[in-house]
Amino acid sequence: MNPNWLFHNSQSLAFRSPFGAVCCHTEVTLKLKIMAASRPEAVTLRLWQDGSGEQKVVMKPAAGTVANAIYQTKITVPASGPVLWYYFIVVLGGQTFYYGNNRDQLGGAGEIYDSPPPSFQITIYQQGNRTPGWFKDAVMYQIFPDRFYQGESDERVPAVKKGCVIQSDWGNTPYYIRDVDTKEIVAYDFFGGNLRGVIAKLPYLKELGISVLYLNPVFESPSNHRYDTGDYHNIDPLLGDNELFAELCAAAQEQGMAVILDGVFSHTGSDSIYFNKYGTYPGEGAYQSPQSSYYKWYRFTKYPDQYESWWGIDTLPNVEENEPTYTDFIIHHENSVLKHWLKQGIKGWRLDVVDELPAKFVKDFAQTLKTIDPEAVLIGEVWEDASHKVSYGSLREYLCGDELDSVMNYPFRQILLDFVLGQADAGKTQRALMSLYENYPREQFYAMMNLLGSHDVARVLTLLGEAPPRESLSITQQSKHRLTVRQRRLAADRLKLLVVWQMTFPGVPCVYYGDEAGVEGYPDPFNRRTYPWGQEDAELLEWHKRLIALRHRYPVLKTGEWLPVYAQGDVHGYVRRITNGKDVFGQLQPDNTVLVLLNRSQDSRVQVSLDVRGLCRGTMQDVLNGTETVVHSGSLSVELAPLEGKILLQVEKTAYPRQGGILLHPTSLPSKYGIGDLGKEAYEFINFLYKGRQKLWQILPLNPVGFGQSPYQALSAFAGNPLLISLGKLVGEGLLGAADVKVPRPFQTDQVEFAAVQQFKEQCFRTAYANFKLKGAGDDYQEFVADQAEWLDDYALFMALKQHFSGVSWTEWPAALASRQQAALLEYQALLQDEMNYQRFLQYIFFKQWLALKRYANQWGVKLVGDMPIFVAHDSADVWANQQLFELDDAGLPKKVAGVPPDYFSETGQLWGNPHYKWAAMAKDDYQWWVDRFRSLLELVDIIRVDHFRGFEAYWEIPAGEQTAVHGKWVKGPGEAFFASLERQLGKLPIIAEDLGVITPEVDDLKDAFYYPGMKVLHFALGCDEDQCCIPFVCEKNCVVYTGTHDNDTTLGWYKKDVSAEPDQAACIHKLLQLESIEPEEICWQMIELAYGSHANMAIIPLQDILCLDSEARMNTPGTVGGNWLWRCRKEALTAELAARLAALVGRHKR
């Protein structure tokens, strides 16, 4: 049996959805893969929650075969947390197997056990769980006040206090004065750092990039660390006074910094107002009398000398935190400790040893704090994974939403140190980080206090320099130890690597004072040396400034998505990303992608190649040295020097500004002549667009239509459609009279009657041509014919021959003509000269009228978006005139034709029948035919939508004669070389890439290589996944969003036929669109609002959807012939009110 025949990965959406921590009452889907020769007798999900006990849920097969089955179930998590535990029980062949968390208990892929295993974890948080947004954007700085800076003397600050020893020099080594026999501390040394010093250094901190000051305790106490509080309501005299502290808070706020205090509430000092063991304070403390109002605060075992104290240290008597008088004093009273210092200007608290504070105390503290200031932050000192911390036998609820915003992220610190010091490879490192990511609610994960050093651990530089273990040195040796030059260089390089990591990782980076200046030191007291003002390590200091500035510059480094992408050996890497214009909390932020790579090796350069498809594209810039790396075919190759960290920022390019427009083919314009044209109504439509603040008018191909009246099966890729010529303008030019354009009968107003229109207009055009010949061709006509001769002569002859041979395909013409023998061409050119000139005349008129319309549109700020089909019709002037460029047999018939393979929409695919190109032949002259084609269309439009863009990367090739598209194959297209050639000859191409359908990563690579925006269609994008969860609409900035296209049903028709038929789909779309009714107008306009409100730079809406029309207004149904391309808009539909509504839409969404 396969040793991994059971499989579940708690960090994969394929096995658990949604990912990670979830809100209470959330439905979670759990799946187990079973690869066995026979079906198991039973598969059970075992759940456990502290306080509720065990629950077992039967799992059922959901997919796959017996040998490869997926069992699943859905559970609803409880109403409260903090954790729901689970594992799986499988009975197979009479034997019971268990599948649970891996032995490291890091989540992700589990293991098979023969007895009850460690459980996977689902963290549960409360509804409304939120951490302050400002804090997630912050960079913290921890200050040990006595050792930071000694401000100017102040007569309010005494030079000494009873029992203290003043260090004579700021650069001295700190030490504890201990009793020789008992080793107890008998006196504390002080260096004189104070609040005035912090105020003096605020400019330095601002330059460093700090936005939060976390101060170790500042309340009055006998020690230098002040964790033995003497008076919670007063600043220690050596630091200043309450007035000076308020001044600090105000000054910090002016510099854009918040102040957070250290709250030590699990114990007080024995030398305090409250305990008063030594009689220092007036009044009775708990030690002095059981009648003291503070007596109930403490836990005496034998009064007065035996009492509970923190870790047995008798100077730190523990308090009874849930004693009402104590809780009132700290939390509830008007002048409680919490409220008192909030009034002084602080923005939050760090709770010392929070695991020793009762849950009720912490909840009360948090609730009161948030009631006073919802944006205040509460941080807890927790050394382990805070999501499942057990304290005194209870599973704590720190991260459930009603206690802590953040904790000191010591696990993060240890993970980084283990990696860089070689204790864990990149794979183990990634698993450890993913465990935190999985277990912590997103709100808290992005608010974690990410520290590298603190007052409780050795200086990070000392650790990174591989100093001897603390246990191997005496106190004296520790005090004197300094890294060697070699060790210092190694430590500095490693610290720079970790700072890259710290400043680019989710959470709030915290710098321990002096780490940025290169301070060394073993743990307390040597990690509390003074800041070396004037003797800083300039390299490390500048590095910190630079990396903190980068974090502030790019929001993606603060609240962007975090995605691990590389973990091999010495290299760890991840991506930070913001897409769709919103960060992970839904806040508006610019799109950005950053790839961070970290090489811990001391001596090896590492070449890293990674697949970044779907993550990175185009050019990646190294923000630390300015070099650029290009993503090729979805792959990125980067060389990392020893101990180098790279921050590669995607160079964001967008083809077009944020704007909106309307999709309407000119044939759909109102006109009394049966078909929209380039006359008055076209100009009125441009006026409508202008009034509606629309910047884009998208049209379908302008070429003369062939089979089925489809503009995508044109008779020429260069010519214009004569049916669009305005008869009114011909009257205006004197080429027709009023009687000539009198319609024989009224045409339909809602549809084009192609046959009748063709007959009527052809008659008018012949009359106009006759009058044109009588007037004589002017210079502009001669100039047009000469300029367009490259394609126009062949087209004119082709059309003349089509008319001469009654419209049959060119392959049915005489062989000499079909094969373009020179003598035959000359013969028929002479024979059909007048008919050829007629065709030239029609093209001259079309181009003249169209270019005039384009000038008018551009004058009013409207750009025209044209359409270029990738393929041309076989029966076209292009194929006939350029047979050497197409896959044809000796008779001129296609050998291989175009289409698309079978898919969800068609079991037999789509057989289009267009001949394929000979790309190798086209490459020989640098794709000149394509260059001419693009150049010609760019004279007529401002932007080109390239249809079936994916065909340039790979196309579906079907042997001629096949009745369906089933037996085709994918063949590589010209790819990047093609577009590089075009842009080299034509300049940057204004392209929209039609990339709908099943698109491969290679197609995206091609599109992204040239920053061509793709298309997003809401009809395809909205809905629900296999678990019936709504899929939010997400798109990148550089794309065009549509409600639908010419190939879609109208939005109203789509809703009625497709959406309404699927209740789950309908429910999701109602939710996404926030529909309050199913009235046609609301359905259509909520879709339009969604498109306009999206992140896409361009939003283009079919006019049918703006008018809220049903399926009868559909333009085309793919795979059908007849009944398409008919819809026309009524003149009265384009009202001033509708234009005003569109204008308001543009303003609302800043388009």
For a footprinting-style exposure proxy, rank Phe1020, Phe871 by other Cβ within 10 Å, fewest first.
Phe1020, Phe871
Put a dot 7 Å past each Cα toward the Cβ at Ile999 and Asp524; how far apart are the dots in nm?
5.8
What's the magnitude of the charge dipole for the stretch 35-90 around its Cα centre, counting Lys and Arg as +1 and Asp and Glu as -1 at the beta-carbon? Answer in Debye, nearest 20.
180
Which of Ala739, Leu541, Trp880, positive extreme of dipole for the chain (C-beta unit charges)
Ala739
Starting from the Cα-Cα distance between Lys1071 and Asn858, subtract it from 0.36 nm times their residue separation and give me the gain in nm to one decimal.
72.7 nm
Phi-derived 3J(HN,Hα) across the stretch 958-965 with the Karplus relation (6.51, -1.76, 1.60, θ = phi - 60°), rounded Hz, x for Gly and Pro, is 10, x, 4, x, 5, 8, 9, 8
Cα-Cα longer than 24 Å, checked against Lys1007/Lys1037; Lys691/Lys742; Lys347/Lys558; Lys31/Lys1016; Lys296/Lys339; Lys206/Lys370, kept in input order, equals Lys691/Lys742; Lys31/Lys1016; Lys206/Lys370
Report the gain in length on full extension from Gln255 to His967: 0.36 nm times residue separation, minus Cα-Cα distance, nm rounded to one decimal.
249.3 nm
In nm, to one decimal, how far is the modelled label at Ala980 from the one at Ile166, with both set 7 Å along Cα→Cβ?
7.4
Angle between the Cα long axis of helix 680-691 and the longest principal axis of the chain, 0 to 90 degrees, nearest 10?
10
About its Cα centre, the stretch 560-650 carries a charge dipole, from +1 on Lys and Arg Cβ atoms and -1 on Asp and Glu Cβ atoms, whose size in debye to the nearest 20 is 200
Tyr113 to Ala42: FRET efficiency via 1/(1 + (r/R0)^6), r the Cβ-Cβ distance, R0 25 Å, to the nearest 0.05?
0.90
What FRET efficiency comes out for the pair Asp780/Gln621, r = Cβ-Cβ distance, R0 = 51 Å, nearest 0.05?
0.55
When you count, for each residue, the other Cβ atoms within 10 Å and take the mean per peptide, how do 540-547, 468-475 rank with the highest first?
540-547, 468-475
Around Lys863, which amide H atoms from residues at least 5 apart in sequence, or from another chain, sit under 5 Å from its own amide H, with H modelled in the peptide plane?
Leu696, Trp697
Which peptide among 1118-1128, 679-689, 1038-1048 comes first, and what is the full order, when sorted by highest mean count of other Cβ atoms within 10 Å?
1038-1048, 679-689, 1118-1128
Taking the simple approach of a point 7 Å from Cα along Cα-to-Cβ for both Ser936 and Ser609, what is their distance in nm?
4.3
Using Cβ counts within 10 Å as a stand-in for footprinting exposure, how do Met799, Met1098 rank, fewest first?
Met799, Met1098
For the chain, what does -39500 (n - 2.57) per DSSP helix run (n ≥ 4), summed and divided by total residues, give at 222 nm, in deg cm²/dmol to the nearest 500?
-8500 deg cm²/dmol
List Arg489, Arg459, Arg933, Arg396 from most exposed to least, where exposure is judged by having the fewest other Cβ atoms within 10 Å.
Arg489, Arg933, Arg396, Arg459
Cα long-axis angle, helix 822-831 against the chain (0 to 90 degrees, to the nearest 10)
70
Given R₀ = 25 Å, FRET efficiency for Glu762-Arg1141 by Cβ-Cβ distance, to 0.05?
0.05
Protection-proxy order for peptides 275-281, 1002-1008, 737-743, each taking the mean of Cβ atoms within 10 Å per residue, highest first
1002-1008, 275-281, 737-743
Taking θ as phi - 60°, what are the ³J(HN,Hα) couplings along the stretch 1122-1134 by the Karplus curve (6.51, -1.76, 1.60), each to the nearest whole Hz, with x for Gly and Pro?
x, x, 10, 6, 9, 4, 10, 8, 7, 4, 6, 6, 8
Answer label, with Cα Rg over 2.2 N^0.38 Å calculated from the coordinates and candidates (1) 1.27; (2) 1.09; (3) 1.19
(3)
By a straight-distance test (C-alpha under 12 Å), which aspartates and glutamates pair with Lys74 as possible cross-link partners, with residues fewer than eight away in the same chain excluded?
Glu27, Asp1027
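No value in this document is a laboratory result; all are computed from the given coordinates. As the structure is a prediction and not an experimental result, all values here were calculated from the model. Positions of Cβ are generated from backbone atoms using ideal geometry, with glycine treated the same way; all protein chains shown enter the neighbour counts.
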